[in-house]
């Protein structure tokens, strides 16, 4: 329509950095270089020695917080009485419309525990209160081609659904190959390489590197055998 400007297409490479609040982890954002990317607030990759992290816990308010266990064991505890032991592949999602404190700690008997965390801002709601806690065991891999399988972590077809519209998928390249991942032009996405290397829309990526995606219907990932990429997307909303 006349008078309307098309939003710019964007792919931005971001490198994770040591988390100043928890040196056992790395954050894709926020960092001094890349701040929050609303409605994304935080994207982190934590590896723990097993000594127990986050002993005091932390709070969320009008936020949705996802934790996805890669290896080891994560102990979850929140102030409303939810307690869980999350094994490899487990998915946990907290939707907090009221201030809620929880603890997410690497199991003391499981050194080398690693998990990925994504926090997004909840959309404005009419009268929503309290919080919602969901947890699901590791979803089974679904072959999408001869080289790639996916695990649906959060979304309409996953065991865990999001009130904020968050969708997450873990793409695992069993062989060298290529995969086209839908995003949606009305969504923002972060594609993070947590194992292996390759390229995303011809931009070179390796472990600890992500690509921020906006106003694209899909991205093309070319990767080597063993590569795993977490793709998280959420609807764009007015700031």
Point to revise | Theoretical FRET efficiency, 1/(1+(r/R0)^6), r = Cβ-Cβ of residue 59 and residue 206, R0 45 Å, to 0.05 | key: 0.85
Study note, to complete from the structure: Footprinting proxy, 38, 94: sorted fewest to most Cβ within 10 Å, the residues are 38, 94
**Study point:** Distance in nm between pseudo-label sites at residue 224 and residue 12 (7 Å out along the Cβ direction from Cα)
**Key:** 2.9 nm
Exercise for review: Classify the range 51-193 as rounded, prolate or oblate from the Cα gyration tensor: take a ≥ b ≥ c as the square roots of its eigenvalues, call it rounded if a/c is under 1.5, otherwise prolate when a/b beats b/c and oblate if not.
Suggested key: oblate
Review point. If we count other beta carbons within 10 Å of each Cβ, what is the order of 207, 120, 85, fewest first?
Key: 85, 207, 120
Check your understanding: Between residue 144 and residue 178, what is the label-to-label distance in nm when each label sits 7 Å out along the Cα-to-Cβ direction?
Key -> 1.5 nm
Study note, to complete from the structure: Given (i) 57, 21, 16; (ii) 45, 20, 15; (iii) 26, 23, 17 as possible values of semi-axes √(5λ) of the Cα gyration tensor in Å, the one from the coordinates is (iii)
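Just so you know, all these numbers are worked out from the coordinates, no wet-lab data involved. Quick caveat: nothing in here was measured; it's all calculated off a predicted structure. As a convention, Cβ positions derive from the backbone with ideal geometry for all residues, glycine included, and neighbour counts pool all protein chains shown.
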